[in-house]
Amino acid sequence: MEVCSRLWSSTVVGRHSYANTKALFSDTLLRGEVVGTPLIMTDGFEFYERVIRRLLGVACIYAQVIKTWRKDRVTRVERRAIIGTTRRLEKALDESEDSARANTAYIERLNLTIRQSVAYLRRRSPTHARCERRLHRQLELARCHYNFIRRHTGLRFGRALRTPSMVAGLRDRGCSFRDVFTFA
């Protein structure tokens, strides 16, 4: 996810594996253009570091935010610079539109929005994905809605609410489902 525009660029359906992690990052890189030095922040999942090193090398700044949980509460948060120095990380955070501390708040918020938008992924719900292809289609529709139709209060410009596609410069106005399904 690009923080400044909230653009949800890629989705991979499947288990947490090295292959799927690599597919996600590869697809994200193919869909956009890397400008400057990307700042990447993730949780401590074991394959992120290997994939990021393989695909971007030292051409990025990568930090991990690792939370320690006890009795459904976060008891400790550890922030580590994995690629790049702590000084480069601090400088990148100061220049970013995110907070001055490494965090995963934006992607966690996106994950919650996805779970609430896609019936197959809702917690404590009687529905479940029986077919990976159907889940992928539903996620793609949710991604289209999120990026092109849904106006985000966090992307306000004056009184106008904007979509992630408008902020990213992909569209000059929002879309409707009619626009999406009749696009030539």
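The values are calculated or read from the model by the stated rules, or taken from the named source; none is laboratory data. In this text the structure is predicted, and so the values were computed from the model without any measurement. Note: ideal-geometry Cβ built from the backbone for every residue, glycine included; neighbour counts use all protein chains shown.
I'd like to know if the stretch 80-90 contains one or more residues that are surrounded by fewer than 15 Cβ atoms within 10 Å (Cβ to Cβ), not in a helix (DSSP H, G or I) and not β-branched (Val, Ile, Thr). The answer is yes, given that some residue of the stretch 80-90 is surrounded by fewer than 15 Cβ atoms within 10 Å (Cβ to Cβ), not in a helix (DSSP H, G or I) and not β-branched (Val, Ile, Thr). Within the stretch 157-171, residues that are in a loop (DSSP other than H, G, I, E, B) sit with their Cβ atoms under 6 Å from residues that are among the hydroxyl-bearing types (Ser, Thr, Tyr) and crowded, with 17+ Cβ neighbours inside 10 Å, at 6+ positions apart or across chains, in these pairs: ALA168/SER5; ARG171/SER165.
Of everything listed in (1) hydrophobic (A, V, I, L, M, F, W, C); (2) within 17 Å of the chain's Cα centre (by Cα); (3) surrounded by 11 or more Cβ atoms within 10 Å (Cβ to Cβ), the single unmet condition for LEU135 is (2). The one condition from (1) over 18 Å from the mean Cα position of the chain (by Cα); (2) assigned to a helix (DSSP H, G or I); (3) modelled with pLDDT under 90; (4) within 22 Å of SER9 (Cα to Cα) that ASP94 does not meet is (4).
Select, from ARG53, ARG87, ARG79, the only residue that is of a type in the set (Lys, Arg) and touching a helix residue (DSSP H, G or I) at 6+ places or on another chain (Cβ under 9 Å). Show your work before the answer.
Working: ARG53 fails: touching a helix residue (DSSP H, G or I) at 6+ places or on another chain (Cβ under 9 Å); ARG87 fails: touching a helix residue (DSSP H, G or I) at 6+ places or on another chain (Cβ under 9 Å).
One residue alone meets the criteria, ARG79.
When GLU132, GLU78 are checked against the criterion of being of a type in the set (Asp, Glu) and in contact with a Lys or Arg (Cβ under 9 Å, 6 or more places away or on another chain), a single residue qualifies: GLU78. Contact map, the stretch 41-52: residues that are under 12 Å from ILE82 (Cβ atoms) paired with residues that are in a loop (DSSP other than H, G, I, E, B) and small (Gly, Ala, Ser), Cβ distance under 9 Å, separation 6+ or inter-chain. Pairs shown: MET41/ALA102.
Does LEU7 qualify as being touching a residue at least 40 places away in the same chain (Cβ under 8 Å) and either surrounded by 18 or more Cβ atoms within 10 Å (Cβ to Cβ) or touching a strand residue (DSSP E or B) at 6+ places or on another chain (Cβ under 7 Å) (or both)?
Numbers: touching a residue at least 40 places away in the same chain (Cβ under 8 Å): yes; either surrounded by 18 or more Cβ atoms within 10 Å (Cβ to Cβ) or touching a strand residue (DSSP E or B) at 6+ places or on another chain (Cβ under 7 Å) (or both): yes.
Here the answer is yes, as LEU7 does meet what is asked.
Among the numbered conditions (1) modelled with pLDDT of 90 or more; (2) in contact with a Phe, Trp or Tyr (Cβ under 9 Å, 6 or more places away or on another chain), the only one that HIS128 does not meet is (1). Here PHE148 meets each of (1) part of a helix (DSSP H, G or I); (2) at pLDDT below 90; (3) not charged (D, E, K, R) with one exception, condition (2). A search for C-beta distances below 9 Å between a residue of the stretch 68-91 that is closer than 13 Å to MET41 by Cα and any residue that is of a type in the set (Ser, Thr, Tyr) and not in a strand (DSSP E or B), counting only pairs 6+ apart in sequence or on different chains, returns ARG80/THR86; ILE82/TYR48; GLY84/THR37. Could you go through the stretch 45-53 and let me know if any residue there is more than 17 Å from the chain's Cα centre (by Cα) and surrounded by 13 or more Cβ atoms within 10 Å (Cβ to Cβ). Scanning the stretch 45-53, I find at least one residue that is more than 17 Å from the chain's Cα centre (by Cα) and surrounded by 13 or more Cβ atoms within 10 Å (Cβ to Cβ), so the answer is yes. Number of residues in the stretch 19-35 that are loosely packed, with under 13 Cβ neighbours inside 10 Å and over 21 Å from LEU155 (Cβ atoms) equals 3.
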